[in-house]
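My structure is below; once you've seen it, I'll send some questions.
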Amino acid sequence: MSAQELPAVQLKNLTKRIGQKSIVDHLSFDIPKGEVFGFLGPNGAGKTTTIRMIVGLIAISEGQVLIHGLDVQKNFVKAMSNIGCIVENPELYKYLTGYQNLLHMARMGQHPIDPKRIKEVVALVGLEDRIHDKVKTYSLGMRQRLGLAQALLHKPSILILDEPTNGLDPAGIRELRDHLRHLAKEEGMTVIVSSHLLSEMELMCDRVAVISHGKLIQVEQIADMVASENGIQTTTLTVNNASDAKELLSNTLKLEATLSSGDDQKLSIVSDRDQVADAIKVLVDNNIRVYEASTQRKTLEDTFLKMTGDESIA
Amino acid sequence: MLNLLANENMKLYRRLRTWILVLIMVAIVILTGVLMKTHESPVSANWKQTLITQDQLISQQLTSGHHLAMLGANKAYLEVQLKTNQYEISHNVAPAQNTAWSFANEIEQRAIGALLTVFVAIVAGDIVAGEFSGGTIKLLLTRPQTRNKILLSKYISTLLFSVVLMAITLAVSLLVGTILFGPSGADAPYVYINASGQVLQMNMVAYLFANYGFNSVSLLMTVTIAFMISTIFRSSSVAIAISILSLFIGNTLVEVLQSYSWDKFILFANLNLAQYFFNGPLIQGMTLSFSITTLIVYFVVMIGLSWYIFKKRDVALT
């Protein structure tokens, strides 16, 4: 099999033990190329430990990590040539300038980096004006951007970001999200992110691996996780008379609606999309005024809580 | 590897702290020079006559075999005095007069030895631990470079810094000495008693370089101790503090434990190899080859431990 057809990253029975305790317990899954892939899990689930094993910061107790088929333990240097990463925070030398930090990064690679490339990434993250200032004068957002420039400097095929949205303001998060999606879609980069922010993951990722207590619960497409089962959804209708509406729906469409307690204008129905349209038509035809119809989408959070057994996320 | 070394050097020399250390060093050399210049004892007009009289007295004592008077004076010391006096008379150099070379020696032995050690320990103690406390170790270890090479580049750059600091000290002390006391004195003899009690002499230039040579050996060990501590403790302030503390406690320890036979196996008892050439060993029964062997064993163990710990370390497993 050629390297082109291999998944970007493969975990095979990846395990980290400390004493008797397994922090990461026989994780096995593939991360396909060109996707934004998320690690999702409650605090202490083993996301960060897994990422640190992938990038060689933590020794692997058992199992394998393959980067484009290269074993990280046996072929560390070659495997790491494909990876750019930010683990936790962007790590920078504060007494050096932004440019010197990038120069330092450039020298850490296996292949020489053209000064033009440094200029290119500086422009990419929009730091041209401040790149020759010392990093200690940078704001948090600028440090994040410089960190990203560092990670992208070697044109990695795989970008790994651990909790990338930590400490970013909403605008920064949005900027990062757009950036990552662009890298995956336009440049075919595989992006791996871990986060505990479900809403962010929902917007950012194509696919997520849900991890709890060091074990893999499921790998699923985000689209599937938020889609309703068999197209059945819960719709809440706001009308001028809820009890009349309930009776009408029951008689004409055999649809059993539930009245909402404490609000005599609201009732909800569990049905597919077409039935919602039918229900509205019947109500309108019978002179019941319909003010609002809202469908409750299943959120990633619902699915997540179900998967991890109601374990709270933090 | 050269790239990694360039990185380590950039981090060292682009940092204000490094230059503050160098500046303090230079300032102390200049200050010492100025103080010595202003407190120079005036040369009495008839110093030559005094020395001649002293020489006659010493010669008498030596030939008569009566080594009386002069507290603790023995034959060797008298001979040292005699030879020094003879040089001073023949070269018209008043006793206790400073020259560029004697000043450089003075600086090396009294003012700078301890300071060099402390400064080198600061840099070595921080070079690995600093990356851990700053979090930047993650940057180094997630790149396509082996941990071996990363640690080696750090060790080499620390050694280079020690050499640079030593060279600067030597150059500045010779320069300051020349400006303040004149360029003479290079051919002045340094008369000394060797370990077996013989009176020998070498010139000041040779003596100066010999001292720097011996100092390099102890500095190499200092770097290695601090470097090891730096890899063990992940906080740079703790690593620096422990390195410096251990260097000071080490020397005291050797003195305190002198009555025990295993005292000579302590690293610090062996650091000063000059003791075998000048004045004789600190502890009876120690030899040059014993000290060299002991130093090599300590060196191998400390380097081995540093490498083992650094390669095995899980970075921030919480």
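The values are calculated or read from the model by the stated rules, or taken from the named source; none is laboratory data. Quick caveat, the model's predicted, so the values are computed rather than measured. Counting neighbours? That spans all protein chains shown, and the Cβs are built from the backbone with ideal geometry, glycine included. For accessibility, only protein heavy atoms count, side chains too; no ligands or nucleic acids. Shrake-Rupley method; radii C 1.70, N 1.55, O 1.52, S 1.80 Å.
Of all residues in the range A:71-91 being surrounded by fewer than 19 Cβ atoms within 10 Å (Cβ to Cβ) and in contact with a helix residue (DSSP H, G or I) (Cβ under 8 Å, 6 or more places away or on another chain), which is farthest from the other protein chains (Cβ to nearest Cβ)?
Looking at the filtered set, the residue picked out is A:71.
On to the next question. Any idea which of A:280, A:288, A:269 is more than 33 Å from the chain's Cα centre (by Cα), crowded, with 16+ Cβ neighbours inside 10 Å, at pLDDT 85 or above and outside any helix (DSSP H, G or I)? Walk me through it before giving the result.
On the way: A:280 fails: outside any helix (DSSP H, G or I); A:269 fails: more than 33 Å from the chain's Cα centre (by Cα).
Residue meeting the stated conditions: A:288.
Taking helices (runs of 4 or more DSSP H) that do not extend beyond the range A:62-142, which have at least 2 residues that are within 22 Å of residue B:132 (Cβ to Cβ) and either touching a residue at least 40 places away in the same chain (Cβ under 8 Å) or in the same structural domain as residue A:11 (by TED's automatic domain parsing) (or both)? Lay out the reasoning, then the answer.
Details: elements: A:76-80, A:98-107, A:115-124.
Those helices (runs of 4 or more DSSP H) span A:76-80, A:98-107.
List pairs: first in the range B:26-55 and among the hydrophobic types (A, V, I, L, M, F, W, C), second open to solvent by 60 Å² or more (accessible area, probe 1.4 Å) and part of a loop (DSSP other than H, G, I, E, B), Cβ under 9 Å, 6+ apart or cross-chain?
Pairs found: B:43/B:96; B:43/B:97.
Could you pull out the residue among B:225, B:244 that is modelled with pLDDT of 85 or more and open to solvent by 30 Å² or more (accessible area, probe 1.4 Å)? Walk me through it before giving the result.
Numbers: B:225 fails: open to solvent by 30 Å² or more (accessible area, probe 1.4 Å).
None of the others qualify; the one that does is B:244.
For residue B:279, indicate whether it is more than 14 Å from every other protein chain (Cβ to nearest Cβ), on the phi > 0 side of the Ramachandran plot and either open to solvent by 70 Å² or more (accessible area, probe 1.4 Å) or at pLDDT 90 or above (or both).
Values: more than 14 Å from every other protein chain (Cβ to nearest Cβ): yes; on the phi > 0 side of the Ramachandran plot: yes; either open to solvent by 70 Å² or more (accessible area, probe 1.4 Å) or at pLDDT 90 or above (or both): yes.
It is true that residue B:279 is more than 14 Å from every other protein chain (Cβ to nearest Cβ), on the phi > 0 side of the Ramachandran plot and either open to solvent by 70 Å² or more (accessible area, probe 1.4 Å) or at pLDDT 90 or above (or both).
Using the structure shown, decide if residue A:65 is more than 12 Å from chain B (Cβ to nearest Cβ) and open to solvent by less than 10 Å² (accessible area, probe 1.4 Å).
Numbers: more than 12 Å from chain B (Cβ to nearest Cβ): yes; open to solvent by less than 10 Å² (accessible area, probe 1.4 Å): yes.
Yes, satisfied.
Go through the range A:29-52 and count every residue that is within 19 Å of residue A:8 (Cα to Cα) and away from chain B (no Cβ under 14 Å).
Residues flagged as within 19 Å of residue A:8 (Cα to Cα) and away from chain B (no Cβ under 14 Å) within the range A:29-52 amount to 12.
While we're on this one: Would you confirm, using the coordinates I've provided, whether residue A:189 is farther than 20 Å from residue A:89 by Cβ and not β-branched (Val, Ile, Thr)?
Values: farther than 20 Å from residue A:89 by Cβ: yes; not β-branched (Val, Ile, Thr): yes.
It is true that residue A:189 is farther than 20 Å from residue A:89 by Cβ and not β-branched (Val, Ile, Thr).
Residues that are farther than 29 Å from residue A:18 by Cβ: list the strands (runs of 3 or more DSSP E) wholly contained in the range A:177-240 that include at least 3 such residues.
Details: elements: A:190-195, A:207-212, A:215-221, A:233-239.
Where strands (runs of 3 or more DSSP E) fall fully within the range A:177-240 and carry at least 3 residues being farther than 29 Å from residue A:18 by Cβ, they are A:233-239.
Right, another one. Looking only at the range B:242-250, decide whether some residue is within 14 Å of chain A (Cβ to nearest Cβ) and closer than 24 Å to residue B:151 by Cα. Don't jump to the end; show me each part of the working.
First, the residues of the range B:242-250 that are within 14 Å of chain A (Cβ to nearest Cβ): none.
No, the range B:242-250 contains no residue that is within 14 Å of chain A (Cβ to nearest Cβ) and closer than 24 Å to residue B:151 by Cα.
Does residue A:154 satisfy the condition of being open to solvent by 10 Å² or more (accessible area, probe 1.4 Å) and either at pLDDT below 90 or in contact with an Asp or Glu (Cβ under 9 Å, 6 or more places away or on another chain) (or both)?
Working: open to solvent by 10 Å² or more (accessible area, probe 1.4 Å): yes; either at pLDDT below 90 or in contact with an Asp or Glu (Cβ under 9 Å, 6 or more places away or on another chain) (or both): no.
So residue A:154 does not fit the description; no.
So residue B:234 fits all but one of (1) touching a residue at least 40 places away in the same chain (Cβ under 8 Å); (2) part of a loop (DSSP other than H, G, I, E, B); (3) surrounded by fewer than 18 Cβ atoms within 10 Å (Cβ to Cβ); (4) not small (Gly, Ala, Ser); what number is the exception?
Result: residue B:234 fails condition (3) only.
Can you confirm whether residue B:93 is open to solvent by less than 40 Å² (accessible area, probe 1.4 Å) and modelled with pLDDT of 85 or more? Lay out the reasoning, then the answer.
Values: open to solvent by less than 40 Å² (accessible area, probe 1.4 Å): yes; modelled with pLDDT of 85 or more: no.
It is false that residue B:93 is open to solvent by less than 40 Å² (accessible area, probe 1.4 Å) and modelled with pLDDT of 85 or more.
Does the range B:47-56 include one or more residues that are surrounded by fewer than 16 Cβ atoms within 10 Å (Cβ to Cβ), within 14 Å of chain A (Cβ to nearest Cβ) and not β-branched (Val, Ile, Thr)?
Checked the range B:47-56: no residue is surrounded by fewer than 16 Cβ atoms within 10 Å (Cβ to Cβ), within 14 Å of chain A (Cβ to nearest Cβ) and not β-branched (Val, Ile, Thr).
Tell me, which residue of the range A:39-70 that is within 15 Å of residue A:218 (Cα to Cα) and touching a Lys or Arg at 6+ places or on another chain (Cβ under 7 Å) is modelled with the lowest pLDDT? Steps first, answer last, please.
At the first step, the residues of the range A:39-70 found to be within 15 Å of residue A:218 (Cα to Cα) are A:39-42, A:45-47.
Filter once more, keeping what is touching a Lys or Arg at 6+ places or on another chain (Cβ under 7 Å): A:39, A:41.
Details: A:39: 89, A:41: 83.
So the residue we want is A:41.
Sort through B:118, B:128 and tell me the only one that's assigned to a helix (DSSP H, G or I), assigned by TED's automatic domain parsing to the domain that holds residue B:211, closer than 20 Å to residue A:101 by Cα and not charged (D, E, K, R).
B:128 is the lone residue from the list that is assigned to a helix (DSSP H, G or I), assigned by TED's automatic domain parsing to the domain that holds residue B:211, closer than 20 Å to residue A:101 by Cα and not charged (D, E, K, R).
Let me ask another. Can you pull out the residues in the range A:92-127 that are facing another protein chain (nearest Cβ under 7 Å), open to solvent by 20 Å² or more (accessible area, probe 1.4 Å) and over 19 Å from residue A:189 (Cβ atoms)?
A:95, A:100, A:107
Oh, and also: Pull out all pairs, ordered by first then second residue, where Cβ-Cβ is under 6 Å, the residues are six or more apart or on different chains, the first lies in the range B:1-15 and is facing chain A (nearest Cβ under 9 Å), and the second is open to solvent by less than 60 Å² (accessible area, probe 1.4 Å) and among the hydrophobic types (A, V, I, L, M, F, W, C).
Partner pairs satisfying both residue conditions: B:14/A:96.
Could you please find all residues in the range B:282-309 being surrounded by fewer than 12 Cβ atoms within 10 Å (Cβ to Cβ) and either in a helix (DSSP H, G or I) or at positive phi (or both)?
Scanning the range B:282-309 gives B:285, B:289, B:296, B:300, B:304, B:308.
Search the range B:140-192 for residues being within 23 Å of residue A:111 (Cα to Cα) and not in a helix (DSSP H, G or I), and hand back the single one that is most open to solvent (accessible area, probe 1.4 Å). So that I can check it myself, show each step before the final result.
Applying the first criterion (within 23 Å of residue A:111 (Cα to Cα)) to the range B:140-192 yields B:140-154, B:156-157.
When the remaining residues are screened for being not in a helix (DSSP H, G or I), the result is B:142-146.
Numbers: B:142: 6, B:143: 6, B:144: 2, B:145: 15, B:146: 55 Å².
If we take residues in the range B:140-192 being within 23 Å of residue A:111 (Cα to Cα) and not in a helix (DSSP H, G or I), then B:146 is most open to solvent (accessible area, probe 1.4 Å).
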